[in-house]
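Take a look at the structure set out below.
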Amino acid sequence: MGCQLLLIVAVLTIITVVKGNVSVVEACNSNDLKALKSFKAGIHIDTSGRLANWVGQSCCRWEGISCHSTTGRVTEIHLPGFISTEDSVFQSRMKGSLSPSISLLTSLEVLDLGGLVDLTGIIPPSIGCLQNLKKLYLYGNKLSGPVPESISKLLKLEELHLHENRLSGTLSSSLGNLKNINQLLMHTNQFTGVIPDSFTNLTNVVRLDLHCNYLNGYIPEKIGELQLLEQLDFSNNLLRGKLPPSLCNLTVISVLYLDNNKLEGAIPFPSSPGQMPSLGFLRLQDNNLTGKIPPTFGYLASLRRVSLANNKLEGAIPTSLGNLQDLTELYLNGNQLSGQIPKSISQLSQLIFLSISRNQIEGPLPSGMFSLQNLQTLDLSFNLLNLSSIPMWMAELPSLSRVYLAGCGIKGKIPEFFRTTPSPLQELDLSVNHLSGSIPAWIGSLTQLYSLNLSRNSLVSSIPETITNLQDLGLLDLHSNKLTGSISQVFKIGQRFPDGSLTYIDLSDNGFSSGIELTGGGGQTGIRFLNLSRNVLEGQIPVSVGRLRSLRSLDLSYNKLGYVLPGSLANESSLETLKLQNNRFTGRIPSEYLKLKKLKELDLSHNLLVGEIPAGKPLSDFPESSFSGNRGLCGKPLTACRA
């Protein structure tokens, strides 16, 4: 039935007149009733139970349905997935598809089916018949296919939320006809093609969000003509070209996210004071932007969070950054910035997070940085600072809990002042420096430490027993030092705190000789990454290693381990990497290893293994190099075994 015929039917809808006033009839409009029953029929499962109560002829009394007070026509459908009660919020499911008969609801103004995670199928092409529709919420479903061209006929539409679906195809230029739209959210789908230039006709749009698609092409040159635009998010696409200078004209913009694209060229804003006065959140990271950070960058006086990370920006950090008094987070990492950190950085009294890692910044650090009283995270790793020693003021910052100083040229012992910082340390990275001496026993007093990275230094002696006090430790990286003795202390952390967070352990390239017998002992079930390679470990892999059910990567290569391979390794169903090469393992490869279905990398080479390689996947998928150097092995992918 065409849209014009539906309109005629709607006009002829019978109403009753009582005492000169129009009142709603008890019976539902026939077209509305047909549409709602068809919608219900298209839903096979409704965990909320709302549709089960859709019985009888009085549809205006049904849950989720609102009608016009005089005509009795259905004007709103509210069946969102998230349902609030006095005690909680839960997400309901409606499994099924959206009936094309929904287009019979010609007086409908609001259609809210957002968050119904099992709603599938397509958006009906006839949806353009809903000429009175003002709000269309179909987000958070599993809808697929293109956006119907007919949506462009919904000239009264104010809000269109189609995000978080599986919609595909290109964005039609006809969407630019929706002159009354103020919210257009189509992010997290599978759209391709370009952003139509006609989108610049949406002069009433306040929020425009297309992030997480596959859009390419350019940002429309006239994007700055959207004078009411407050939030613009084109991030996580494949956009290329330069940033349009017209962005400077967005006078009320507060959120601008263009990160994770292929944008290039210089940052064109701001060119003068007063431009983009409300901009508080700016993300341009992970592009190919070049040139300098504009010296006028400090004109963006409302900035609170800004990320220019992972581009190709060069030159000095502009002193005007000191004007950004509201700035709480600054990410400049992964560029080619040079010179020194400007003294004006100390004026950022609200700064919480500062990352300037992986640049070419030189020392010394400005002493005024001690005034950053709110700073919680400081990352200066991999610059040309040549600090030699860590400045004392760094340990006196009252809020600092995460310190990253990898590759900064630090020498000497681990400074003891980290023991008594005003705010308990949670993450400490001093890797790739010139630290010497031993790991101090006081490290065990940092009881809130989650991440400790001291790798690639010249540390000696053994791991202190006090490390077993670190109940919150999740990441321990000590690789490439000169440490010796036992590694049992590390596994005792899991024994003492079986519900702890330890997931990543790298002790490789040291001189550890014992302690592996505790691997898999009670409590380490959360470990996902374990690297003990290139040590002098002896003995056998204990059967208890099979208890590491979360393990994804195990590397015991280049040690002196021997005896047979434990079949219990097959219990690690999540294992993706297994490296046991260059040891002294004997016997056969256990047939149980065929259960390691997720295995992507395997190396058993250069051992003393014998017998036929168990036939079947995943072992048969690996190259000859995974088994070479075992003179007694045969079978695919090596030479066939002799009868």
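Since every read-out is calculated from the coordinates, none of them should be taken as a lab result. Here the structure is a predicted model, which is why all the values come from computation and not from measurement. Because the Cβ atoms are built from the backbone with ideal geometry, glycine has one as well, and the counts that use them run over all protein chains shown.
Side notes on the structure shown:
- Rounded to whole numbers, the Karplus 3J(HN,Hα) couplings from phi for the range 218-225 are 10, 6, x, 4, 8, 4, x, 7 Hz, using 6.51 cos²θ - 1.76 cosθ + 1.60 with θ = phi - 60°, and x at Gly and Pro.
- Leu167 long-range amide H proximity, modeled H, under 5 Å: Gln190
- Amide H partners (placed H, <5 Å) of Gly265, local residues excluded: Thr290
- Mean Cβ neighbour count within 10 Å, used as a protection proxy, ranking 365-375, 114-124, 86-96 highest first: 114-124, 365-375, 86-96
- With coordinates expressed along the principal axes, the C-alpha atoms belonging to the range 291-398 extend over 33, 26, 19 Å, beginning with the largest.
- Compactness of the chain is given as radius of gyration and Dmax, 31.9, 103 Å, from Cα positions.
- From the alpha carbon centroid of the range 309-358 to that of the range 92-130 is 48 Å.
- The amide H of Gln340, built 1.01 Å from its N in the peptide plane, has Glu362 as neighbours under 5 Å, considering only residues 5 or more places off or on other chains.
- Spacing of the modelled spin labels on Glu396 and Asn204, each 7 Å from Cα toward Cβ, amounts to 5.9 nm.
- Between the range 259-282 and the range 385-453, the Cα center-to-center distance that results, in Å: 36 Å
- In degrees, nearest ten, helix 30-41 long axis to first principal axis of the chain (Cα): 20 degrees
- Taking the Cα centre of the range 291-398 as origin and assigning +1 to Lys and Arg Cβ atoms and -1 to Asp and Glu Cβ atoms, the resulting dipole is close to 220 debye.
- Column: log10 I(q)/I(0), Debye, Cα scatterers of the range 183-235, q = 0.13, 0.15, 0.23 Å⁻¹: -0.27, -0.37, -0.88
- Alpha-carbon centroids, the range 175-214 and the range 530-563: separation in whole Å: 53 Å
- Two-site FRET efficiency, Ser436 against Arg549, from Cβ-Cβ distance with R₀ of 25 Å, rounded to 0.05: 0.05
- Each Lys or Arg adds one and each Asp or Glu takes one away; over the other residues whose Cβ falls under 12 Å from the Cβ of Ser30, this sums to +2.
- Residues in the range 148-163 carry Karplus couplings, in order, of x, 4, 5, 4, 5, 8, 7, 6, 8, 5, 10, 9, 10, 10, 10, 6 Hz; the curve used is 6.51 cos²θ - 1.76 cosθ + 1.60 with θ = phi - 60°, and Gly or Pro positions show x.
- Links that overshoot a 24 Å alpha carbon limit, given the list Lys40/Lys135; Lys142/Lys222; Lys34/Lys134; Lys597/Lys636; Lys142/Lys595: Lys142/Lys222; Lys142/Lys595
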